[in-house]
Amino acid sequence: MNCSISGEVPEEPVVSKKSGLLYEKRLIERHIADYGKCPVTGDPLTMDDIVPVKTGKIVKPKSLTAASIPGMLGMFQNEWDALMLSNFALEQQLHTARQELSHALYQHDAACRVIARLKKERDEARSLLAQAERQAPLPASAATANVSALSNGKRVSEDGDMGPGSKQMRPGVSESIIAELTECNAALSQQRKKHQIPPTLAPVDALERYTQLSSHPLHKTNKPGISSIDINLSKDIVATGGIDSSAVLFDQTSGVILSTLSGHSKKVTSVKFVAPSNVILSGSADKTVRIWQGSEDGNCDCRHILKDHTAEVQAITVHATNNYFVTASLDSTWCFYDLSSGLCLTQVEDPSNSMGYTSAAFHPDGLILGTGTTEATVRIWDVKSQGNVANFDGHTGSITAISFSENGYFLAVST
């Protein structure tokens with residue numbers, strides 16, 4: 001007797017009370033769970049209507065092909081042929097994939113070679129263009145008609161974007177500026193000689209007892225870190241330059257952020273106050289210097305973007321007149337700027353020196369400039385002639401900071 005669903009001899013036969021038909025138990029249970037009726041007559045059917053039939057153990061007969069040795073050999077031969085055909089198809093697919101991969105790698109290598117050649121040609125063209133611009137004479141009429149065009153420092157509202165790396169003729173440090181610097185030097189030298197140590201100066205033992213009073217997270221947490229700091233003592237305001245490419249003005253008295261100076265595209269490496277004029281200077285690894293004008297409400301507007309350097313700007317130092325400042329860069333040059341116009345008066349480059357500048361500081365009297373280099377050398381400059389007058393060696397690492405003492409007799413250097 002065969003199952004009414006599968007047509008084969010059931011292993012666990014059951015019979016329907018209503019129709020008397022024979023089924024395989026597992027098949028009829030599933031059919032009743034899905035449809036709830038008899039698969040043959042269509043009448044309603046439940047498991048209560050199913051009665052098991054007790055029979056002896058059923059042994060299924062072997063197929064004819066497995067009943068003899070020739071049949072089994074034929075079956076094995078068919079399976080082997082199918083396996084060989086499948087293996088051949090896989091080898092064909094592997095060969096095709098290898099050819100496609102080889103072609104793709106060849107195209108990638110050729111594209112990389114073309115890109116490298118184009119980059120080399122671009123760099124050579126830029127070098128030739130810069131050399132031609134340096135050698136091209138500037139007409140005298142253009143120099144006298146528009147002095148501001150001699151700088152590739154950028155006025156935000158007026159000048160076009162000249163782009164980093166472009167070289168321009170510099171007007172130089174005029175006789176009137178040298179006279180102003182000399183007059184400032186004479187006045188400060190007289191004051192310095194009469195200067196007495198203030199009684200409020202903290203002694204060494206008091207410094208040893210200093211402890212941290214507070215900590216303020218001023219910059220973005222996804223790029224933490226402060227790379228530079230300056231303090232406006234008259235207003236008790238702190239300026240910080242961060243790894244997050246912004247500078248922050250913080251009121252130490254109230255503990256609130258007055259303004260966030262955004263605009264640089266890379267970390268801010270140096271910030272400086274020009275206190276009397278309420279101006280803040282910021283230098284960045286994006287090769288630019290920005291001049292910010294502050295207001296009484298704490299907001300700051302960017303007045304100038306200076307793009308004279310071709311590498312990271314590492315340091316800014318303000319002259320004692322508060323009318324000029326110097327920037328030092330890893331491109332082995334330092335620039336002397338007029339603060340009010342943002343004009344680069346001169347860009348000093350020593351042809352015999354390939355060292356990048358990492359720090360800079362004016363002497364208190366203003367006629368000497370100190371610069372630190374990447375190769376552990378401190379270079380001293382005469383501001384009036386822009387000549388290198390002395391070099392100090394002895395360190396073994398890149399100079400990270402330099403500072404003249406208040407009386408001008410000492411120079412502190414760190415690496």
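Tabulated data
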| quantity | calculated |
| --- | --- |
| Which listed residue is surrounded by 20 or more Cβ atoms within 10 Å (Cβ to Cβ) and touching a Leu at 6+ places or on another chain (Cβ under 9 Å), from S284, S270 | S270 |
| Unmet criterion (only one of (1) modelled with pLDDT under 85; (2) buried (at least 16 other Cβ atoms within 10 Å of the Cβ)) for N222 | (2) |
| Count of residues meeting criterion [within 17 Å of G372 (Cβ to Cβ) and touching a residue at least 60 places away in the same chain (Cβ under 8 Å)] in segment 311-340 | 0 |
| Residues of segment 24-71 that turn out to be in contact with a strand residue (DSSP E or B) (Cβ under 8 Å, 6 or more places away or on another chain), assigned to a loop (DSSP other than H, G, I, E, B), of a type in the set (V, I, T) and at pLDDT 90 or above, as a count | 0 |
| Segment 238-256, subset more than 25 Å from D338 (Cβ to Cβ) and among the hydrophobic types (A, V, I, L, M, F, W, C), residue surrounded by the fewest Cβ atoms within 10 Å (Cβ to Cβ) | V256 |
| Residue tally, condition more than 18 Å from A320 (Cα to Cα), free of Cβ contacts under 8 Å to residues at least 12 places away in the same chain and either surrounded by 10 or more Cβ atoms within 10 Å (Cβ to Cβ) or hydrophobic (A, V, I, L, M, F, W, C) (or both), over segment 168-206 | 5 |
| Subset of segment 257-309 [touching a Gly at 6+ places or on another chain (Cβ under 6 Å), farther than 22 Å from S341 by Cβ and modelled with pLDDT under 90] | L258, S259 |
| Residue in segment 145-163 that is at pLDDT 85 or above and part of a helix (DSSP H, G or I) present | no |
| Criterion: under 30 Å from L258 (Cα atoms), in contact (Cβ under 8 Å) with a residue 12 or more places away in the chain and either within 32 Å of the chain's Cα centre (by Cα) or in the same structural domain as D286 (by TED's automatic domain parsing) (or both) - qualifying residue of T358, T371 | T358 |
| Single residue of D308, D365, D301 found to be assigned to a loop (DSSP other than H, G, I, E, B), more than 20 Å from K384 (Cβ to Cβ) and either without any contact (Cβ under 8 Å) to a residue 60 or more places away in the chain or not hydroxyl-bearing (S, T, Y) (or both) | D308 |
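Rundown of residues vs (1) small (G, A, S); (2) touching a strand residue (DSSP E or B) at 6+ places or on another chain (Cβ under 6 Å); (3) assigned to a strand (DSSP E or B); (4) under 20 Å from V313 (Cβ atoms), yes/no style:
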{"site": "W381", "(1), (2), (3), (4)": "no, yes, yes, yes"}
{"site": "N388", "(1), (2), (3), (4)": "no, yes, yes, no"}
{"site": "N391", "(1), (2), (3), (4)": "no, yes, yes, no"}
{"site": "S398", "(1), (2), (3), (4)": "yes, yes, no, yes"}
{"site": "I402", "(1), (2), (3), (4)": "no, yes, yes, yes"}
{"site": "N407", "(1), (2), (3), (4)": "no, no, no, no"}
{"site": "A412", "(1), (2), (3), (4)": "yes, yes, yes, no"}
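The values are calculated or read from the model by the stated rules, or taken from the named source; none is laboratory data. Because the structure is predicted, anything quoted here is derived from the model rather than measured. Positions of Cβ are backbone-derived with ideal geometry, glycine not excepted, and every protein chain shown enters the neighbour counts.
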